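The values are calculated or read from the model by the stated rules, or taken from the named source; none is laboratory data. No experiment lies behind these values; they were computed from the predicted model shown. No Cβ is skipped: glycine too gets one built from the backbone with ideal geometry, and neighbour counts run over all protein chains shown. We work out accessible area using only protein heavy atoms, side chains counted, and drop any ligands, DNA or RNA first. Shrake-Rupley method; radii C 1.70, N 1.55, O 1.52, S 1.80 Å.
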Amino acid sequence: MNCIIVDDEPLARRAIEILIQETNQLHLVGIFNSASAASAFMNENPVDLVFLDIQMPKVTGLEFARTISDSTLIVFTTAYTEYAAESYDIDAIDYLVKPIESARFRKAVNKALAYHTLLLGDKKDNIEVVEEDYLFVKSDRKYFKVEYQDILFIEGLKDYSIIQVGTQRIITRINLKNILELLPDTLFMRVSKSYIINTRHINAFDNNSVYIKEHELMIGNGYRDEFISRVLKKRLRNK
């Protein structure tokens with residue numbers, strides 16, 4: 001998978017370069033100190049994955065990310081944790097906080113590789129049947145019956161949705177907006193551009209994240225007020 005580094009700090013660029021060199025599945029095709037330089041390169045060359053710093057002069061990483069093609073995946077790399085929620089609103093694959101540990105980098109890369117394979121596929125999967133308590137999802141040439149109560153959350157990536165049912169991940173070709181319209185709004189709500197959650201499985205939440213079992217899901221800036229209001233009202237009604 002072709003990747004580039006975009007970061008205005010030389011030491012940070014070098015650190016990520018070393019991590020990429022240790023990863024056989026990645027092919028580093030460019031290193032840039034600004035969004036404008038990276039953009040010029042990407043206009044002429046195929047790039048599958050961008051390791052993108054956020055705080056850069058002139059054009060920030062968040063601003064640049066909004067101009068990148070949907071066919072290119074983004075992993076943000078930054079020293080600042082406060083941009084995490086906004087990064088997921090942009091549909092980033094992952095958010096790595098500097099200094100980046102090797103194991104954490106590998107986890108982000110594995111996720112990017114899996115999504116890259118998915119986007120390259122010619123799947124025509126979709127939701128086939130919707131009932132009161134369940135739906136049938138076509139994935140990998142099979143139909144899976146998915147009970148609404150068993151869904152922990154649904155993650156969106158481009159035109160695909162990944163339904164998390166326990167430890168099982170079911171991938172289907174339908175975008176997050178369309179799948180939300182099919183789900184009962186008494187159970188499900190969107191908390192960011194990337195996630196729909198089943199409110200019955202919420203273990204905890206704070207101003208930035210909702211926790212479902214071992215998963216931490218970022219709450220998007222544009223969804224925070226509605227999420228907190230709805231969840232707290234629901235908890236009060238249940239008392």
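For the cross-link pairs LYS107/LYS193; LYS138/LYS233; LYS98/LYS193; LYS177/LYS233, which exceed 28 Å when the distance is taken from alpha carbon to alpha carbon? Violating the 28 Å limit, Cα to Cα: LYS138/LYS233.
Angle check, please: helix 102-120 long axis (alpha carbons) against the longest principal axis of the chain (alpha carbons), in degrees 0 to 90, nearest 10. Tilt of helix 102-120: around 70 degrees. Surface exposure of the range 1-112, expressed per residue as accessible area with a 1.4 Å probe, stands at 47 Å².
Computed with a 1.4 Å probe on the full set of protein chains, the accessible area for TYR148 sits at about 10 Å². To put it simply, the accessible area of the chain at a 1.4 Å probe is 48 percent carbon and sulfur.
Out of every Cα-Cα pair that the range 1-64 contains, those further apart than 20 angstrom amount to 21 percent. Once the GluC sites (Glu not before Pro) in DSSP loops with at most 16 neighbouring Cβ atoms within 10 Å are cut out of the chain, the longest remaining piece is 133-213. When both the range 1-74 and the range 89-117 are represented by their alpha-carbon centers, they are found 13 Å apart. Across q = 0.10, 0.19, 0.20 Å⁻¹, the range 139-239 modelled as identical point scatterers on its alpha-carbon atoms has Debye log10 I(q)/I(0) values of -0.26, -0.93, -1.03, in the order of the q list.
The length gained on full extension between GLN25 and ASP159, counted as 0.36 nm times the residue separation minus their Cα-Cα distance, comes to 45.8 nm. Pair-distance distribution of the chain: all C-alpha pairs, bin width 10 Å, starting at 0; shares per bin in whole percent are 7, 30, 33, 21, 8, 1. Can you classify the range 161-206 as rounded, prolate or oblate using the Cα gyration tensor, where a ≥ b ≥ c are the square roots of its eigenvalues, rounded means a/c under 1.5, and otherwise it's prolate if a/b beats b/c and oblate if not? Note, shape of the range 161-206 comes out oblate.
Accessible area of THR117 (1.4 Å probe, protein heavy atoms only, ligands and nucleic acids ignored): about 90 Å².
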